[in-house]
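Structure first, commentary second.
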Amino acid sequence: MSLVKSAFRGGLWFAAFTTVSQSISWCATLVIARMLTPADYGLMDMATILTGYVQIFYEMGVGAAIIQRDEVSDEELSSVFWALFFWGVVLGSLCFLLAYPTVLIFHEPRVYHVTQAVSVLFLLGTTFIVPGTLLKRQLRFKALGFVLSTSVVISCLAMVALAYAGAGIWTLIGGNIIRSALTLILVFIVSGWRPKLHFSHAESMAYLRFGLPVVGGNSLGYIYTRAAVFFGGRAFTASSLGYYSLATQLASIPNDKVLSVINSVSYPVFSRMQNDDWEFQRFYLRLSQFVAFIVLPLYAGGIFLAAEIIPWLLGDKWQASVLPFQILCVAFLFSALNSPSNQANTAQGRPHWTFWFQAYCAATMTGGFYLAAASGDPAYLAVPWLAILAPAQLIYSWITLRKVGIPVRAVLDQWRAPALATFLMLLILTAFRYGFQSAFESVPTCGAVYVFSAIGLGAAWYGAYMFMLQREFVQNVILLARPKSKQSESLAK
């Protein structure tokens, strides 16, 4: 079985587990959002603004280093495990103390105990890294999907119970702790890997040297990402900030829940191909088209139907989240389309490129969020994502393509078909909206009838377009998904 085929089939299992768990997570999120208040979400963002930055450092980038290396020994992995374990103890202790400055920054005593509770996540997170990364390196995405989806489902059910019991903000932090603990237990059971009582500083440092630019770039990314919460939390009330926070949470779902699955599968493949230029370029282009076919209709449909879906799902109290959600969808679409660039650079040993890109964004985006908060409108917090980050990502991808040896036109060719399909889908949805309003004047477009009809129509058109006009792409995907024996029979015919 080829490397791409093996990774793709494992990715399908990973996606299947993720789809089921995230469907349950979606339903739980909607139920919880109805029981919680905007202030609960705003307080959660405040409580994790400092600890969230520290959380970036708990992996120290060694996960990417383990996958990128040609060979790893059990002794080296044990050294890395114990180094991360003790590092988690240090970070957990530090975060326990960060509760005090967090209260002082926002003048909000309610975040004190919540911030301290976050410290538990650091010890759990650092212990998970080595066995979890080994499953990715070995392309055992089916096993990894089982671990992650099981923990998500159980934690979501627990969060619904907490919200129903009136736990408020503790619903959110409690769910994270339960999910992390279950993930840790299950990954050790499934992976079969156990650390030895062995530690070598030199062995662990070899992985840390590769990972430091990765974690440094992630830390800079966190700075400008959370700058919106920092300046917004000081300029607006918790409820006003909650509208932006929920919009960010919703708009990031395709990237966090769908694109993260693709990246988890693609990075090990990129790493295995790092010394074969032709295969590397070919996989980059195939991945670019695959990502575009998935994220373009999701984000375009979200932008088009946002004004109807958000009030219907969450209630009229969340109406103010519509505009920032639409702006963020456009910006995050650029992030998704350009995601192969980050994977390619790290896989070929250039994690410092991402570091310098994030350094530029940290300088420019932070200033943008400061100005947005000074405007007096929480919706403007979404503008820097589109006005600053999106153009920067296009330039970064262009530089990466030149390094990898892929013409920009080749990537645009991969995007042409999904872009046309998405454009025609929006035309059909526009015609349907006007037709629905004319035929059913008494039926609101923010109701279940219109929302389900529009989603069903858009999905049906996009699927029909794929099967009728993109048969070669669909057939290639089907061949990758088939077992080896069935694929051989198909080729023989």
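The values are calculated or read from the model by the stated rules, or taken from the named source; none is laboratory data. Bear in mind that the values here come from a model prediction, so they are computed numbers and not experimental data. Ideal geometry is used to build each Cβ from the backbone, glycine not excepted, and the neighbour counts take in all protein chains shown. The accessibility values were calculated without ligands, DNA or RNA, using every heavy atom of the protein model including side chains. Shrake-Rupley method; radii C 1.70, N 1.55, O 1.52, S 1.80 Å.
Worth pointing out:
- Condition broken by ILE309, with the remaining ones in (1) in contact with a Leu (Cβ under 6 Å, 6 or more places away or on another chain); (2) modelled with pLDDT under 90; (3) buried (at least 19 other Cβ atoms within 10 Å of the Cβ) satisfied: (1)
- Of all residues in the range 341-394 being among the small types (Gly, Ala, Ser), touching a residue at least 12 places away in the same chain (Cβ under 8 Å) and not in a helix (DSSP H, G or I), the one that is least open to solvent (accessible area, probe 1.4 Å): GLY349
- Note on the range 41-106: enclosed helices (runs of 4 or more DSSP H) holding 2 or more residues that are of a type in the set (A, V, I, L, M), touching a residue at least 12 places away in the same chain (Cβ under 8 Å) and under 30 Å from SER266 (Cβ atoms) are 62-68, 74-97.
- When the range 254-295 is filtered for residues that are touching a Phe, Trp or Tyr at 6+ places or on another chain (Cβ under 8 Å) and among the hydrophobic types (A, V, I, L, M, F, W, C), the ones remaining, listed by number, are VAL261, ILE262, VAL265, VAL269, PHE270, MET273, PHE280, PHE283, ALA292, PHE293.
- Selection count, the range 416-468, where residues are at pLDDT below 80, surrounded by 14 or more Cβ atoms within 10 Å (Cβ to Cβ) and either part of a helix (DSSP H, G or I) or touching a Pro at 6+ places or on another chain (Cβ under 8 Å) (or both): 2
- Filter result for GLY61 (open to solvent by less than 30 Å² (accessible area, probe 1.4 Å) and either closer than 18 Å to ARG179 by Cβ or in contact with a strand residue (DSSP E or B) (Cβ under 7 Å, 6 or more places away or on another chain) (or both)): no
- Entry remark, the range 144-158: residues being in contact (Cβ under 8 Å) with a residue 40 or more places away in the chain, surrounded by fewer than 20 Cβ atoms within 10 Å (Cβ to Cβ) and of a type in the set (A, V, I, L, M) number 1 in total.
- Residue within the range 16-36 that is more than 27 Å from ALA158 (Cβ to Cβ) and either free of Cβ contacts under 8 Å to residues at least 24 places away in the same chain or of a type in the set (Ser, Thr, Tyr) (or both) present: no
- Pairing each residue of the range 408-432 that is farther than 12 Å from PHE290 by Cα with any residue that is open to solvent by less than 60 Å² (accessible area, probe 1.4 Å) and not in a helix (DSSP H, G or I), provided the two are 6+ apart or on different chains, yields C-beta distances under 8 Å for ALA421/GLN470.
- For the range 242-265, the criterion of being in contact with a Gly (Cβ under 6 Å, 6 or more places away or on another chain) and of a type in the set (Val, Ile, Thr) is met by at least one residue.
- Of everything listed in (1) open to solvent by 40 Å² or more (accessible area, probe 1.4 Å); (2) without any contact (Cβ under 8 Å) to a residue 40 or more places away in the chain; (3) over 30 Å from ALA344 (Cβ atoms), the single unmet condition for ALA202 is (3).
- Selection status of LEU97, under 30 Å from VAL160 (Cα atoms) and open to solvent by less than 40 Å² (accessible area, probe 1.4 Å): no
- Considering the conditions (1) touching a residue at least 12 places away in the same chain (Cβ under 8 Å); (2) more than 24 Å from GLY88 (Cα to Cα), GLN138 is excluded by exactly one of them, (1).
- Taking the range 295-319 as the range and being free of Cβ contacts under 8 Å to residues at least 60 places away in the same chain and touching a helix residue (DSSP H, G or I) at 6+ places or on another chain (Cβ under 6 Å) as the test, the residues that pass are VAL295, LEU298, TYR299, GLY302, ILE303, ALA306, GLN319.
- TYR243, sole failed condition from (1) closer than 23 Å to ALA390 by Cα; (2) of a type in the set (Ser, Thr, Tyr); (3) open to solvent by less than 50 Å² (accessible area, probe 1.4 Å): (3)
- Subset of the range 274-291 that is open to solvent by less than 20 Å² (accessible area, probe 1.4 Å) and touching a residue at least 60 places away in the same chain (Cβ under 8 Å) - its residue that is nearest to the chain's Cα centre (by Cα): SER288
- Among the residues listed as SER260, SER271, the single one being over 23 Å from VAL451 (Cβ atoms) and without any contact (Cβ under 8 Å) to a residue 24 or more places away in the chain: SER260
- In the range 182-201, the residues that are in a helix (DSSP H, G or I), of a type in the set (A, V, I, L, M, F, W, C) and under 21 Å from PHE57 (Cβ atoms): LEU184, VAL187
- When we screen GLY42, GLY11 for residues that are under 22 Å from the mean Cα position of the chain (by Cα), small (Gly, Ala, Ser) and either surrounded by fewer than 17 Cβ atoms within 10 Å (Cβ to Cβ) or farther than 30 Å from ALA235 by Cα (or both), the only hit is GLY11.
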